[in-house]
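Working notes, beginning with the structure itself.
The values are calculated or read from the model by the stated rules, or taken from the named source; none is laboratory data. Being a predicted model, the structure only gives us computed values, none of them experimental. As a convention, Cβ positions derive from the backbone with ideal geometry for all residues, glycine included, and neighbour counts pool all protein chains shown. Accessible surface areas use protein heavy atoms only, side chains included; no ligands, DNA or RNA. Shrake-Rupley method; radii C 1.70, N 1.55, O 1.52, S 1.80 Å.
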Amino acid sequence: MISDGLGLDVALNGQGRASLGYEITTRNVALTVAKSQLVLSDPINLAIAPKAIPGAVVQYCLIVNNGTVGTPASNVTLSDVIPANTTYVANSISIGALALGQTCLLTGIVGGVPLADDGTITVPVLNFTGSYNANTKTVNATIPTLLGGTSVAATFRVTIN
């Protein structure tokens, strides 16, 4: 390429203008993930002081935090394999639950937007998606953009076998 240093294309081949037409940058972000669990109910105590016994429903919460203020993170995917000796509760993925530190504050529908296991439902405007793969027993939550200085929580439920 022959250029005059100002981006003008002296050779008239288009390379001088094209090389200054865009900028590629990489920005590092500080992402952290915390996982917590809460026994919601069991077959004996129901929802009053439930215990982690066979038949109990446990909600897991994954919280991703972008600690880099002012710099968004793109295409964040949370993946978690359900614990051994548990069965995934169908269509129990929610994204957008309120979180304080490393703990989800709310559960159920008020704790985020419920998503379909096949990834066909997205959170309006934010385009969060979630899915469950029965073959690998993996829950996935995808967050296209996580703004700097913010957190997003994803929850799912299992039953203890």
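Worth pointing out:
- Looking at the range 34-97, the strands (runs of 3 or more DSSP E) lying wholly inside it that each contain 3 or more residues that are among the polar types (S, T, N, Q) sit at 57-66, 73-81.
- Matching residues in the range 141-158 - criterion: being open to solvent by 40 Å² or more (accessible area, probe 1.4 Å) and modelled with pLDDT of 90 or more: 157
- Selection over the range 27-56 of residues that are within 18 Å of residue 161 (Cβ to Cβ) and open to solvent by 90 Å² or more (accessible area, probe 1.4 Å) gives a count of 3.
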